[in-house]
Each structure stands twice: as C-alpha cells, then as structure tokens.
Amino acid sequence: MIAGIVIKSTGSWYQVRLEDDRVVDCRIIGKFRLNGKKLTNPVAVGDHVGIELEADDDTRGIIKNIKERENYVVRQSPRKKHDLHLLASNIDQAIVIMTIAQPKLKQGFIDRFLLMTEPYNIPTAIVFNKSDVYDEHDFEVLEFLRDIYVDIGYQVFDVSSIKGTNIEQLQAFLKDKTTLISGQSGVGKSTLVNALQPHLELRTQEISDYSGKGQHTTTFAEMHPLSFGGYIIDTPGIKTLSFNNLEPMDVAHNFREFFEASAECRFGGNCLHRNEPKCAVKEKVENGEISELRYINYLTLLDEIEEQNHWERHK
C-alpha cells in the first residue's frame with residue numbers, strides 16, 4: 001500500500017500525489033460512506049489515502065482506503081437532495097469570497113457558508129472582492145457587514161484582484177496553511193486566486209451580460225501549492241447551499257453568538273430562539289447586541305430544514 005493525498009477530483013478519477021511527488025490517476029472500487037450517509041463523491045480533495053498501483057501501469061492506481069479525516073466540509077448535493085457532497089477534507093481554514101456588486105450581494109450566502117465550517121471549528125474568513133468597482137453605498141454596506149462579522153470573531157478582508165488592493169494581507173493569511181477557497185459564481189474567485197498566486201492561470205470568465213449572473217469556471221475541486229507556502233483547494237462556484245445533514249438545533253448551536261447567549265435562555269441549549277419565553281437571543285436582537293440580519297437568516301435556515309421532512313434528512 002502506498003500513501004498519498006488527493007489533489008484533484010474529477011468525479012470518476014482522482015489525482016493522488018505520492019510522497020515522492022509523483023501524481024497518479026486513481027479510481028475507487030466499492031463504496032465509501034460518511035457516518036452512514038450517502039455521498040455523491042466518496043473521496044474528497046485533501047483526503048489521505050492508501051493506493052495500490054495497477055500491475056501494468058505505474059501511472060494509475062486504485063484507492064483502497066481513506067485515512068480518518070481531521071475535518072471536512074460537506075453540503076447537500078445540489079442534484080440529489082438525499083445525498084451529501086464533500087467539498088474538501090483535512091483543511092486548516094477556509095475563505096468565502098463575496099462581492100457587494102457585480103454580481104449583487106446575496107448576504108445570506110455568508111451565513112450558509114459559515115454553517116458548513118462552524119460545526120467542525122474550521123477558522124473561516126470572509127473576503128469581499130472587486131472593491132475597485134464599489135461606489136459610496138457599496139462601501140457603506142461593506143463596513144456594516146464588517147462590523148457584524150468582526151464583532152463575532154471572523155476575519156474580514158476587502159480586496160481587488162484587478163488593482164491588487166490588500167492582496168499581500170490575504171497572502172499572509174494563506175501562508176503555510178491548507179485553505180479551502182469557495183464562493184458564489186461570478187464573484188471573481190479565479191481572478192483573485194490568479195492574483196494571489198501568479199502563473200497559476202486558472203480559467204476565468206466574465207459575468208453573463210444577459211443574466212447578470214456568474215458563470216462556472218472551476219469544474220472540479222483541485223489543490224494547488226502556493227509559492228509563499230501552503231496550499232489552496234479551489235472549488236467550483238456555488239449557486240445554492242442547503243443542508244439535509246443538519247437538525248434545527250444544529251443551526252442554533254452553530255450561530256456562534258446565539259450559542260454563547262443561549263446560556264442565559266430559560267431553556268438553555270434547548271432553545272431555538274423563536275417563540276420560547278425568556279429567550280436571551282431574542283432580547284439581544286431587540287437591543288442591538290446581536291445582528292438582526294443574522295437572526296433573519298437564522299430563522300430562514302430553520303424553516304428550510306424543518307420543511308424537509310424527517311425521512312428526507314435521515315435517508
């Protein structure tokens with residue numbers, strides 16, 4: 001058995017980098033599950049695996065086992081609502097790339113993304129790209145959101161991959177870490193990655209003039225080394241994020257400021273912060289100590305998860 005790490009997933013084949021830096025194309029035989037749940041992609045970029053080379057071709061192999069993951073990022077499959085999709089595993093941190101404009105900000109996506117990383121205590125930063133196209137109102141929105149997320153312990157960067165604004169600060173954040181990079185389509189993720197690591201030359205594409213929406217440019221997740229130290233795992237642009245793997249209480253416990261405040265709720269850690277009496281979270285929302293915007297997003301997520309019946313969530 002030869003040890004390696006998965007550096008690219010193409011759906012049916014996986015590129016595995018061996019300890020001697022050779023890269024081998026591998027396939028899998030059999031089924032792998034995650035805590036008994038069905039996966040659309042049983043092997044993730046970042047997985048440490050054991051492989052066996054094919055007898056007649058030492059450039060190809062078979063993945064025989066997956067070592068226990070330190071952590072992973074998982075979402076509901078956009079195509080098969082009963083399945084889960086692994087984005088990456090064994091990461092040190094994550095960044096979600098957003099923009100205030102071009103395309104227009106969808107703020108709720110931030111809280112959905114954080115709901116993927118928070119359960120596994122993965123440090124996550126929020127990066128607002130394309131600051132070179134922001135007008136005065138856009139910068140006001142940026143500062144409003146910065147205050148919300150910095151106050152609860154998340155790092156926030158505003159950058160321009162075109163002008164190079166704050167690129168060095170973001171490089172310092174990435175240095176010597178393995179970082180998952182993701183975001184909604186059209187936010188300039190590939191252009192930003194090319195600015196962070198020149199000569200990587202990821203394929204980029206402009207926003208559709210017709211729809212105003214981003215076009216997918218990354219097709220598969222892939223790990224890239226950084227010349228200044230560390231790795232990034234680039235993932236396909238995400239259109240929607242749903243969660244068939246979570247219960248309502250999981251949402252309550254992973255909005256970090258809600259969980260902290262719940263110690264003061266009458267029902268403590270069993271409070272969903274909706275209609276319960278003497279709820280500290282609702283009180284803090286009313287007096288401005290907890291963001292009303294985050295609270296609205298939280299209620300939306302609760303409703304979505306409850307609308308998926310128990311069988312759908314536990315299939």
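Scanning the range 112-135 for residues that are outside any helix (DSSP H, G or I) and basic (Lys, Arg) yields a count of 1. With the condition kept exactly as written, say whether any residue in the range 52-66 is basic (Lys, Arg) and closer than 24 Å to residue 239 by Cβ. No - not one qualifying residue is present in the range 52-66. In the range 13-33, what count of residues is obtained for those that are within 16 Å of residue 88 (Cα to Cα) and surrounded by fewer than 17 Cβ atoms within 10 Å (Cβ to Cβ)? Qualifying residue count for the region: 4. So, of the residues in the range 30-82 that are touching an Asp or Glu at 6+ places or on another chain (Cβ under 7 Å) and small (Gly, Ala, Ser), which turns out to be farthest from residue 308 (Cα to Cα)? The residue in question is 61.
The rows are residues; the columns are (1) among the aliphatic types (A, V, I, L, M); (2) assigned by TED's automatic domain parsing to the domain that holds residue 122.
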site	(1), (2)
42	no, no
55	yes, no
58	no, no
71	no, no
94	yes, yes
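Look at (1) touching a residue at least 24 places away in the same chain (Cβ under 8 Å); (2) touching a Lys or Arg at 6+ places or on another chain (Cβ under 7 Å) and you find that residue 266 fails only one, number (1).
Per-residue answers, yes or no, for (1) touching a Phe, Trp or Tyr at 6+ places or on another chain (Cβ under 8 Å); (2) at pLDDT 95 or above:
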{"position": "47", "(1), (2)": "no, yes"}
{"position": "65", "(1), (2)": "no, no"}
{"position": "79", "(1), (2)": "no, no"}
{"position": "84", "(1), (2)": "no, no"}
{"position": "105", "(1), (2)": "no, no"}
{"position": "109", "(1), (2)": "no, no"}
{"position": "125", "(1), (2)": "yes, yes"}
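On the given criteria, is residue 255 over 30 Å from residue 167 (Cβ atoms) and crowded, with 20+ Cβ neighbours inside 10 Å? Answer is yes for this residue. Listed by first and then second residue, the pairs with beta-carbon distance under 7 Å, at least 6 apart or on different chains, first residue in the range 277-299 and over 19 Å from residue 267 (Cβ atoms), second at pLDDT 95 or above and surrounded by 13 or more Cβ atoms within 10 Å (Cβ to Cβ), are 291/148; 292/285; 293/148; 294/111; 294/148; 294/255; 297/111.
The values are calculated or read from the model by the stated rules, or taken from the named source; none is laboratory data. Because the structure is predicted, anything quoted here is derived from the model rather than measured. Please note: Cβ atoms are built from the backbone with ideal geometry, for glycine as well, and neighbour counts cover all protein chains shown.
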